[in-house]
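One structure is given here, and the rest of the page talks about it.
The values are calculated or read from the model by the stated rules, or taken from the named source; none is laboratory data. In this text, all values refer to a predicted model and were calculated from it rather than measured experimentally. Using ideal geometry, Cβ is built from the backbone for each residue, glycine included, and neighbour counts are taken over all protein chains shown. The accessibility values were calculated without ligands, DNA or RNA, using every heavy atom of the protein model including side chains. Shrake-Rupley method; radii C 1.70, N 1.55, O 1.52, S 1.80 Å.
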Amino acid sequence: HQHLSKIKVKNLLEIGIGNVPLMSPIVGETYRPGASLRMWRDYFTDATIYGCDIDKSVLFEEERIKTFWVDQSSDEILKKHVPDIQYDVIIDDGSHDPNHMVTSFKALWSRVAPGGVYIIEDIHETYLDPIQKLGPVEYIHRGTGVIGSDNFVMFRKPEQKILWVTAFRDIKRDTWPL
């Protein structure tokens, strides 16, 4: 909350929608794919929420939620299937494979809006150091979980600053129109 509440979110993308066999033992039998997408929709009340997954059976559409198929191991597929818009937040909660995390980051970092964030979740501790070298890190959470994979890294794209530059090098003062 402390990292995302200051961002005006218009578009959010989450890689990984979740599936019943994986999630129901963790959160219960009432689990439905897309629970986090619905949570983001409720939290960011003016945003369009995009979700993608390799499992076509979990794809759905609801109010302000759009989902689509993608294979995050493929740079080409990511660039082709992820809508080419600026995202204020991208969250990688997909396969949790470090190679896929790197591929996704490299394919999608250019689509993070200035001031936006790219979060990679569930990074095993052995891959945390290499992952954090991908871009401008704002925050690293080193978890204390038993399996060593409850870590995440948040990258923030710098704000673009507009600089007004006026050059008077070749203009003589006595020729100014004022």
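Things to note:
- Hey, Asp46 of a type outside the set (Gly, Ala, Ser) and out of contact with any strand residue (DSSP E or B) (no Cβ under 9 Å at 6 or more places or on another chain) or not: yes
- All positions within the stretch 36-60 that are among the acidic types (Asp, Glu) and buried (at least 18 other Cβ atoms within 10 Å of the Cβ): Asp53
- The stretch 77-94, residues that are within 24 Å of Ile123 (Cβ to Cβ) and either of a type in the set (A, V, I, L, M, F, W, C) or buried (at least 21 other Cβ atoms within 10 Å of the Cβ) (or both): Ile77, Leu78, Val82, Tyr87, Asp88, Val89, Ile90, Ile91, Asp92, Gly94
- The stretch 1-35 - residue that is under 22 Å from His141 (Cα atoms), part of a loop (DSSP other than H, G, I, E, B) and open to solvent by 90 Å² or more (accessible area, probe 1.4 Å) and, of those, modelled with the highest pLDDT: Lys6
- Positions within the stretch 105-118 being in contact with a Phe, Trp or Tyr (Cβ under 9 Å, 6 or more places away or on another chain) and of a type outside the set (Phe, Trp, Tyr), in sequence order: Leu108, Arg111, Val112, Ala113, Gly116, Val117
- Of all the residues in the stretch 36-66, those that are within 19 Å of Lys6 (Cβ to Cβ) and either at pLDDT below 95 or touching a helix residue (DSSP H, G or I) at 6+ places or on another chain (Cβ under 6 Å) (or both) number 1.
- Failed item in (1) open to solvent by 50 Å² or more (accessible area, probe 1.4 Å); (2) touching a residue at least 24 places away in the same chain (Cβ under 8 Å), with Ser104 passing the rest: (1)
- All positions within the stretch 14-41 that are under 25 Å from Trp109 (Cα atoms) and of a type in the set (Asp, Glu): Glu14
- Taken as a whole, the stretch 153-169 holds at least one residue that is at pLDDT below 95, in contact with a Phe, Trp or Tyr (Cβ under 9 Å, 6 or more places away or on another chain) and of a type in the set (D, E, K, R).
- Qualifying residue in the stretch 58-77 (condition: among the aromatic types (Phe, Trp, Tyr) and touching a Cys at 6+ places or on another chain (Cβ under 6 Å)): yes
- Residue within the stretch 61-76 that is open to solvent by less than 40 Å² (accessible area, probe 1.4 Å), touching an Asp or Glu at 6+ places or on another chain (Cβ under 9 Å) and within 16 Å of His100 (Cβ to Cβ) present: yes
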